[in-house]
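Visitor: This is the structure I have questions about; it appears just below.
All of the numbers you see were taken from the coordinates with simple rules; none came from a lab. Since this is a predicted model, take the numbers as computed values, not measurements. Note: ideal-geometry Cβ built from the backbone for every residue, glycine included; neighbour counts use all protein chains shown.
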Amino acid sequence: MSWIAIKMLLGDRGKYVGIICGVSFATLLMAQQAAIFCGLMLRTGAQIRDIQGADIWVMDPNIQFVDDVKPLSENDVYRVRGVPGVKWAVRLYKGLSRARLQDGTFQQAILIGVDDGTLVGAPRVMETGKLADLFQPDAVIIDDAGVQMLWPGERGRVGMSFEMNDRRAVLVGICASSRTFQTFPIVYTRFNQAMTYVPPERKVVSFVLTQGADGIPPREVCRRIEAQTGLKALTRQDFARMTIMYFITKTGIPFNFGITVLLGFIVGTAITAQTFYLFTLENLKQFGTLKAMGATNLRIVGMIVLQAAMVGVIGFGLGIGAAAIFGELSKGASKLAFYMPWEVMAITAGLVAFMLVLSSVFSVRRVLVLEPAIVFQGVNA
């Protein structure tokens with residue numbers, strides 16, 4: 001009976017293609033929007049992942065995400081260093097500054113001040129220059145996307161200069177970095193140098209980067225730091241997860257993307273259900289013939305389920321493939337935030353399956369109440 005169901009499905013090429021197009025369009029829209037959402041959320045914690053060399057971030061207890069900086073005092077750094085199980089702890093500055101180029105234009109920039117002695121927190125992948133060049137006077141390193149933003153249409157080169165807070169900054173290197181949620185240039189320099197690029201404040205330490213002693217789990221070190229200092233201590237992975245959860249729970253981004261996914265589901269269901277129902281109506285005589293020949297309702301339902309599964313698998317494959325191709329092409333051309341983990345594909349597959357179940361309900365009901373006598377009446381029921 002399976003080959004009969006397939007023959008019936010392929011018999012009307014127009015409706016067959018229409019159902020597949022409906023499923024493909026819904027899959028494309030749902031998977032694409034979900035992947036863009038995942039890409040945006042991944043960017044919120046990009047700087048946390050990029051700053052290597054320390055397993056633990058220590059911060060003010062009220063910080064909710066990485067850009068919610070509440071400065072600490074210098075004494076807090078020494079307090080963290082005094083916690084049993086802490087191997088070392090260094091300062092990190094993170095804030096916004098304004099770059100003034102030689103042509104007089106201004107550009108907001110993310111300023112990262114790394115430890116003066118060890119350069120912990122500095123970028124590790126250099127495209128031009130060397131990390132050790134940060135020890136030069138007024139030296140800064142900028143990410144590759146930031147260089148293009150500061151000097152559009154020009155190839156950034158070592159030795160170019162600009163000003164921040166009326167102080168000279170000299171480009172000594174270009175680094176590779178992940179795209180961030182805030183699309184500003186990322187300027188790396190030494191901590192003390194960074195203090196000259198921002199207005200003076202009483203507290204200037206944004207975070208304390210910490211490494212636990214060998215053999216002690218990072219989360220145990222975090223627990224000790226919190227118990228002894230009253231500060232919040234998180235591993236790099238936990239801090240990135242907390243940042244992502246902040247944007248998921250405190251902003252309207254998930255709601256906006258969820259509306260688009262829901263619309264894709266509704267439109268796909270409407271197109272598929274209507275086309276599939278019309279296909280069933282046009283094949284009522286064939287189903288009636290099968291019933292007259294002794295086919296049970298369960299066997300007929302199985303045939304409809306097979307037809308729905310066939311168009312679902314083909315439509316899902318085409319839609320998810322189109323979404324992946326779109327994402328890869330867009331990332332190269334426009335730096336679109338696009339990340340499609342297996343969870344996105346699994347959830348989209350589940351939604352497509354649910355959509356096909358809803359689409360098949362009306363067709364199954366129409367066939368179940370069908371009388372075999374329709375074959376002899378010569379008219380539609």
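Visitor: With angles folded into 0 to 90 degrees, how steeply does helix 253-282 sit against the dominant principal axis of the chain? Use alpha carbons for both and round to 10.
Guide: Approximately 10 degrees, to the nearest ten.
Visitor: What distance in nm separates the simple spin-label points at Thr196 and Thr289, each placed 7 Å from Cα in the Cβ direction?
Guide: Going from the Thr196 label point to the Thr289 one covers 9.0 nm.
Visitor: Can you match semi-axes √(5λ) of the Cα gyration tensor in Å to one of these, (1) 61, 24, 15; (2) 37, 24, 18; (3) 31, 25, 21, based on a calculation from the structure here?
Guide: Step by step, semi-axes √(5λ) of the Cα gyration tensor in Å for this structure corresponds to label (1).
Visitor: A further question on this structure: Hey, can you grab everything whose amide H is under 5 Å from the amide H of Val205? Only 5+ residues off in sequence or another chain; H modelled, so Pro and N-termini drop out.
Guide: It is Leu72, by chain and number.
Visitor: Can you put Val364, Val158, Val23 in order, fewest other beta carbons within 10 Å first? Let's see the in-between values first.
Guide: Numbers: Val364 17, Val158 13, Val23 29.
Least crowded to most crowded, the residues run Val158, Val364, Val23.
Visitor: Which FRET efficiency value, to the nearest 0.05, do you get for Trp88 and Thr183 by plugging their Cβ-Cβ distance into 1/(1 + (r/R0)^6) with R0 = 35 Å?
Guide: Numbers: r = 33 Å, r/R0 = 0.95.
Calculated value: 0.60.
Visitor: Using DSSP, restrict attention to beta bridges with both residues in the chain and report what percent are antiparallel, rounded to the nearest 5.
Guide: Antiparallel bridges: around 75 percent, rounded to the nearest 5.
Visitor: Shifting gears a bit: Taking the chain as the reference, fit the longest principal axis to its C-alpha atoms, fit the long axis of helix 236-250 to the helix C-alpha atoms, and give the angle between the two in degrees, 0 to 90, nearest 10.
Guide: Once rounded, the angle reads 60 degrees.
Visitor: Say the dipole of the chain comes from +1 at the beta carbon of Lys and Arg and -1 at that of Asp and Glu; which of Gln102, Ala34, Val77 then lies farthest toward its positive end?
Guide: Ala34
Visitor: State, to one decimal in nm, how far the label point of Glu226 lies from the label point of Leu298, with both points 7 Å from Cα in the Cβ direction.
Guide: 5.6 nm
Visitor: Using 7 Å Cα-to-Cβ label points, what is the Ala353/Leu263 separation (nm, one decimal)?
Guide: About 2.8 nm, to one decimal.
Visitor: To the nearest 500 deg cm²/dmol, what mean residue ellipticity at 222 nm is calculated for the chain from DSSP H runs of n ≥ 4 alone, each contributing -39,500 (n - 2.57), summed and divided by the residues? Mind showing how you got there, number by number?
Guide: Values: 13 runs with 203 residues, N = 381.
Helices in the chain give a 222 nm mean residue ellipticity of -17500 deg cm²/dmol.
Visitor: Same structure again: By how many degrees, between 0 and 90 and to the nearest 10, does the Cα long axis of helix 218-229 differ from the longest principal axis of the chain?
Guide: With both axes taken from Cα atoms, the answer is about 50 degrees.
Visitor: Let me ask something additional. Rounded to the nearest 20 debye, what is the charge dipole size of the chain about its Cα centre when +1 sits on each Lys and Arg Cβ and -1 on each Asp and Glu Cβ?
Guide: Magnitude of the dipole: close to 700 debye.
Visitor: Let me ask something else. Would you mind getting me the FRET efficiency between Leu306 and Met245? Use the beta-carbon distance for r and R0 = 30 Å, nearest 0.05.
Guide: 0.10
Visitor: How much length, in nm to one decimal, is gained on full extension between Ile325 and Arg81, taken as 0.36 nm per residue of separation minus their Cα-Cα distance? Kindly include the intermediate steps, with their values, before the conclusion.
Guide: Values: separation 244, 0.36 × 244 = 87.84 nm, distance 4.90 nm.
That pair, Ile325 and Arg81, stretches by 82.9 nm at full extension.
Visitor: Separate question: Within straight cross-link reach of Lys130, meaning Cα distance under 24 Å, which lysines are found once same-chain residues fewer than 8 apart are removed?
Guide: Lys94
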